[in-house]
Amino acid sequence: MGENPSPSTSISRHVEWVDTDASGHHHNSAVVRWVEIAEAQLIRELGVSGYFPVSPRVQHVVNFRDALWFEQEITATIWVERMGNTSLTFGFEITGHSCDKSDGGLAADGTITVVHVPDGNKRSAPWPQAISHALSGAKE
């Protein structure tokens with residue numbers, strides 16, 4: 001990844017009953033929720049303030065690779081894929097751990113893109129320098 005590796009983090013969870021559909025495997029909306037939990041964790045780890053009220057999602061791309069089952073442990077990993085002037089794209093993977101219904105492995109991957117829309121504005125604007133530096137992996 002070079003001298004300034006892309007900021008990343010992982011979280012672990014179990015697939016809860018609320019995360020499943022009638023067939024007992026994960027509902028597609030659970031993936032986005034797990035990714036957003038990992039995103040919040042990354043923002044906390046980087047010590048970034050003021051990010052969430054000004055970072056609406058503009059695109060979700062999710063590739064569903066395998067089913068995840070009730071009570072199965074999962075790991076959601078998120079990283080900064082691209083830091084733009086006004087936008088930010090995260091890459092992510094959801095991996096299931098081995099359980100009685102699955103050998104585990106990659107269950108979903110994709111990207112989520114957000115833009116910086118300052119409070120009171122209707123259009124995107126450049127990221128504040130502190131946020132841009134933290135999320136791009138720049139050393140201050």
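The values are calculated or read from the model by the stated rules, or taken from the named source; none is laboratory data. Since the model is a prediction, treat every value here as computed from it, not as a measurement. All Cβ positions, even for glycine, are placed from backbone atoms using ideal geometry, and neighbour counts span all protein chains on display.
Pairing each residue of the stretch 112-136 that is among the charged types (D, E, K, R) with any residue that is part of a helix (DSSP H, G or I), provided the two are 6+ apart or on different chains, yields C-beta distances under 8 Å for 119/53; 119/54.
The residues of the stretch 29-49 that are surrounded by fewer than 13 Cβ atoms within 10 Å (Cβ to Cβ) and either outside any helix (DSSP H, G or I) or touching a strand residue (DSSP E or B) at 6+ places or on another chain (Cβ under 7 Å) (or both), listed by number, are 45, 47, 49.
Take the residues of the stretch 85-104 that are among the small types (Gly, Ala, Ser) and modelled with pLDDT of 95 or more: which is surrounded by the most Cβ atoms within 10 Å (Cβ to Cβ)? Checking each candidate, the answer is 96. Considering each residue of the stretch 19-31 in turn, none proves to be among the charged types (D, E, K, R), touching a residue at least 24 places away in the same chain (Cβ under 8 Å) and out of contact with any Lys or Arg (no Cβ under 9 Å at 6 or more places or on another chain). Looking at 5, 53, just one residue is assigned to a helix (DSSP H, G or I) and under 23 Å from residue 132 (Cβ atoms), and that residue is 53.
Conditions (1) farther than 26 Å from residue 137 by Cβ; (2) touching a helix residue (DSSP H, G or I) at 6+ places or on another chain (Cβ under 6 Å); (3) not polar (S, T, N, Q), marked per residue:
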| residue | (1), (2), (3) |
| --- | --- |
| 64 | yes, no, yes |
| 75 | no, no, no |
| 92 | no, yes, yes |
| 96 | yes, no, yes |
